[in-house]
Amino acid sequence: MTIWNPWHGCHKISPGCANCYVYRRDESIGKDASIVSKTGDYDLPLKKNRYKEFKVTSDDGTVYTCMTSDFFIEDADEWRQGCWDIIRFRQDLSFHIITKRIDRFEKCIPSDWGDGWGNVTISSTCENQDRTDYRLPILLELPIKHKQVICEPILGEINMEKYLSSGLIEHVTCGGESGSDARLCDFRWVQEIRRECIRCGVPFTFKQTGALFLRNGKTYHIDRKDQIPQAQKSGYSYIPGTNSASLISYKLPDRIELFDRLSKSTFRSRFCLSGKDVDTVKQKGFSVIRDHAKDFVKKRLSAENPENDGKQTPMKGHPVFVAQHATASCCRSCLEKWHHIPAGKELTLQEQEYIVDVIMEWIKNNIEI
Ligand code: SF4
Ligand SMILES: [Zn+2]
């Protein structure tokens, strides 16, 4: 990876900017980060060594461009064309530009941009729902060959499935905020975006926990050096088709505590067996119903990314379907939220057995033979 900062300095325009690391770093050395100026590295990708070879080569990996400013900031309108010329010239390098100003993109592209350049990836930052709903519709419409989304620092719950389902977003990265004034990163927000990525087949990276991390009702203060390793260790990044989540360690809920929580949920406790469901159970007997449950769980839930996830369990028509909704074992999202079984992995036989046990326990509790 190479970092190319053709200019330095920026203006805060978004909630995600509040604790901007460019400002923090500049303040610590008495520099004014709001002054945008060209750097000595403006032409870095053209610089050569004493053997007249480019200093930056494709072996160095992606060239992250403009990491101490915003590539599309107004102050740099005069200088940007020169950067495009460099990017066009260095076809052998992949440039990645991360911006909070995707709304300026169209005004800032070179005349021969066409439908995008293959060596340029543009990432739009989306730190909350409001900025997501503003920026992603713009990103989706733009002529860009490689589009990504970065939710960092994530500041609240974000739903972006309607944008991800377009198939135009290649990757989503999520992470918490660092620094002494860091705002909270709730792991549930990370999980929610990850589940949406799984359903849409989009690779997802959980990059860092941030300094203030909430998980399972507990807030953790995480040391700078541990923020990236801890996120990596969690296993919550996702690459479609790799069953990568099978390495996540988690604990199934205590059964008594689970049923207690379910009974307190207005939505879950609303489900009850109809007269017809009761008759079905009575006629067929528990062991046949258990076989049906086994079959449904295997066919509709056990794949890494089940078809129609979230909609695969009818609300009625079989006692097992009703029990699945009542016990939150209707889809992979509910299994993750209520039973801690990570989405994005194939269910093991033990997990399938556990789910069937829960379903049967609920049916038995709701019927008398
Ligand atoms: S856009 Fe990026 S670099 Fe600019 S102030 Fe905001 S966080 Fe900092
Ligand atoms: Zn569900």
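Annotations for the structure displayed:
- Test: residue in the stretch 32-45 that is assigned by TED's automatic domain parsing to the domain that holds LEU93, within 15 Å of ligand 1 (Cβ to nearest atom) and charged (D, E, K, R): yes
- Single residue of the stretch 88-113 satisfying the filter (in a helix (DSSP H, G or I) and under 22 Å from CYS10 (Cα atoms)) that is nearest to ligand 2 (Cβ to nearest atom): ILE102
- Of the residues making up the stretch 280-299, not a single one is of a type in the set (Asp, Glu) and within 26 Å of THR242 (Cβ to Cβ).
- Pairs are defined by a Cβ separation below 9 Å, a sequence spacing of at least 6 or placement on different chains, a first member in the stretch 98-110 that is not assigned by TED's automatic domain parsing to the domain that holds THR62, and a second member that is assigned to a helix (DSSP H, G or I); no pair meets this definition.
- Taking the stretch 320-368 as the range and being assigned to a loop (DSSP other than H, G, I, E, B), closer than 26 Å to GLY275 by Cβ and either free of Cβ contacts under 8 Å to residues at least 24 places away in the same chain or in contact with a helix residue (DSSP H, G or I) (Cβ under 6 Å, 6 or more places away or on another chain) (or both) as the test, the residues that pass are THR327, ALA328, SER329, CYS330, ILE367, GLU368.
- Residue match in the stretch 239-255 (condition: outside the structural domain of PRO319 (by TED's automatic domain parsing), touching a Leu at 6+ places or on another chain (Cβ under 6 Å), modelled with pLDDT of 95 or more and part of a loop (DSSP other than H, G, I, E, B)): no
The values are calculated or read from the model by the stated rules, or taken from the named source; none is laboratory data. What you see is a predicted model, and the numbers here were worked out from it, not measured in a lab. Cβ: placed from backbone, ideal geometry, glycine included. Neighbour counts: every protein chain shown.
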